[in-house]
Amino acid sequence: MNIREEFDTIAAPATPMGMGGVGIIRISGDKAFEIAEKIFSNPKFEPRKFNLGWIKDGDVKIDEVVVLPFFAPNSYTGENVVEIQCHGGINVIRNILNLVLKHGARMAEKGEFTKRAFLNKRMDLSQAESVADIIHSKTSEFAKVSMKNLSGVLKDKINDIRNDIFEVLSKITAGIDFPEDVEEPDYSYLVNRFEEILDKIDKVLSGAETSNIFREGAKVVIIGKPNVGKSSLFNALLNLDRAIVTDIAGTTRDVLRETLDLGIPVTLIDTAGIREDEDVSRVEKIGIEFSKQSMDEADLVLFVYDASKGMDSEDREVLELLKDKKYIILANKSDIADKKTDEAVYISAAMGEGIEDLRKTLKTKVCGIEPESLDFVTNTRQQACLKKARNSIEQALLASQVNELQDLISIDVKSAVLALDELTGELLTDSVLDNIFENFCIGK
Ligand SMILES: Nc1nc2c(ncn2[C@@H]2O[C@H](COP(=O)(O)OP(=O)(O)OP(=O)(O)O)[C@@H](O)[C@H]2O)c(=O)[nH]1
Ligand SMILES: [Mg+2]
């Protein structure tokens, strides 16, 4: 079946509906050129040529524009595409779009251009998903690594793993189907191959945590006794006088949140100092309750104590609250501390000492690995497919270790192949597909 024949012609603004130098309206489908010819004063469409002229509604001039034709299959969607570059005003874009729709195009749904690019095999699903990542990226680092996905880095890795699995599957199947002519593969061969494949899958999954943090951001909460310099650290990391700092214990009452761009998006949270004194005011008590709640949502806690006083029993009580959390122990006020231990990272929030290094530690600690070392990212859907494939191969490995019938082993190996096909989009249901492209914006 030629899937393209089912497609009608779609159109949408490809630039935001706001004021700007240029606005772009994109048309894709078999009728793209025909529609453009009806409304454009200078339709001499040739590949790789742009055309200057007027968009006209009958005799009425709407705007002077540049029209770029892309001939199938050499276009974003793989279909005939026309891009109209007009002046960037909401009403100009709207008028031209209405005209295009009047002449037979339909308004595109979210992500429909990219969906067509996928369905017309211009890209695999991991590449299509990276387009949404690039558009939604909160940091320039995430945009860069998503771009690597678009260029096919993840796709190549998955195809490589799939080829490995398929090769083993072919050998097993040949042994089963032609027992007289082909010997079934040795179990030691199977064990080795499955171990290698598991290793490759694990390498791809190792960046999963960082990928998720790139997408959702990480919460880093500063916790400690009153007056140890939490707010000073908050300000120092942000490079901003955001929180009030005084020498009075109990200065911070409300939880303060600010965004810190460390290449990964971080929400940095300053809290009220935790203490259990009887004479703590009601307001401070509420503040302390908030501190404990924020601790629960933290991906990483920065535990601060006053190095000039050393860690005392009250500090240890606070530290005790963190035992199930990922944390870094910070000895603040190192400028006035005399003795140092190895247990903590020494900083001086007031003097700015150790802050730059702390930013770096923080980033690797939150991600598990250096985010810059990522060659590709994965999303939760892809991770779920990879985990499914991993489980199946693990089953196949266990079965091979006990010389299980190869007929049975082949069932697990086949499911691993299917899981990877689901990842790349070779094998997909419409609802999964709709779900993915729902997250796009109109015009992409
Ligand atoms: N010498 C020195 N003083 C510091 C340092 N960091 C903070 N201080 C001082 O310690 C005092 C308390 O600082 P804050 O940042 O308000 O402490 P906090 O932990 O936020 O206190 P609460 O909000 O009350 O829990 C202030 O007088 C700061 O100037 C430092 O690195 N060196
Ligand atoms: Mg404070």
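The values are calculated or read from the model by the stated rules, or taken from the named source; none is laboratory data. Keep in mind it's a predicted model, so treat the numbers as computed, not measured. Cβ placement follows ideal geometry from the backbone for every residue including glycine, while neighbour counts extend to all protein chains displayed. Quick note on the areas: whole protein, heavy atoms, side chains included, nothing else; ligands and nucleic acids left out. Shrake-Rupley method; radii C 1.70, N 1.55, O 1.52, S 1.80 Å.
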Check your understanding: With every protein chain kept in the model, how would you rank Glu297, Glu180 by accessible area, 1.4 Å probe, largest at the top?
Key -> Glu180, Glu297
Point to revise | Exposure of Lys360 as accessible area (Å², to 10), given a probe of 1.4 Å and all protein chains | key: 120 Å²
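Solvent-accessible area per residue for the stretch 216-372 at a 1.4 Å probe radius, Å²?
Heavy-atom SASA per residue in the stretch 216-372 reads 51 Å².
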Review point. Considering only DSSP states other than H, G, I, E and B, which chymotrypsin sites (Phe, Trp or Tyr not before Pro) in the stretch 33-83 qualify as loop sites with at most 13 other Cβ atoms within 10 Å?
Key: Phe50
Revision key, fill the gap. With Cα coordinates, the longest principal axis of the chain makes an angle with the long axis of helix 187-205, in degrees rounded to 10, of 80 degrees
Practice item. Report, in degrees rounded to the nearest 10, the 0 to 90 angle that the Cα long axis of helix 90-102 makes with the longest principal axis of the chain. Key: 40 degrees
Check your understanding: Sorted by packing (mean other beta-carbon atoms within 10 Å per residue), highest first, where do 16-27, 181-192 land?
Key -> 16-27, 181-192
Exercise for review: Using a Gaussian network model of the chain whose springs link C-alpha atoms within less than 10 Å, name the residue from Val153, Val304, Val402 with the highest mean-square fluctuation.
Suggested key: Val402
Practice item. With springs connecting C-alpha atoms under 10 Å apart, model the chain as a Gaussian network and identify which of Leu300, Leu240, Leu99 has the largest mean-square fluctuation. Key: Leu240
Check your understanding: What's the angle, to the nearest 10 degrees (0 to 90), between helix 140-150's Cα axis and the longest principal axis of the chain?
Key -> 40 degrees
Point to revise | Cut-off 12 Å, label 7 Å out along Cα→Cβ of Ser151, residues of the stretch 408-444 by amide N | key: none
Check your understanding: For the chain, modelled as a Gaussian network with Cα springs under 10 Å, which listed residue fluctuates most, Pro179, Pro226, Pro371?
Key -> Pro179
Review point. Among bridges DSSP assigns within the chain, what percent are antiparallel (round to 5)?
Key: 60 percent
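How many percent of the accessible area of the chain is carbon or sulfur, using a 1.4 Å probe? Present the calculation step by step, with values, prior to reporting the outcome.
Working: 11040 of 22110 Å².
Of the solvent-accessible surface of the chain, carbon and sulfur hold 50 percent.
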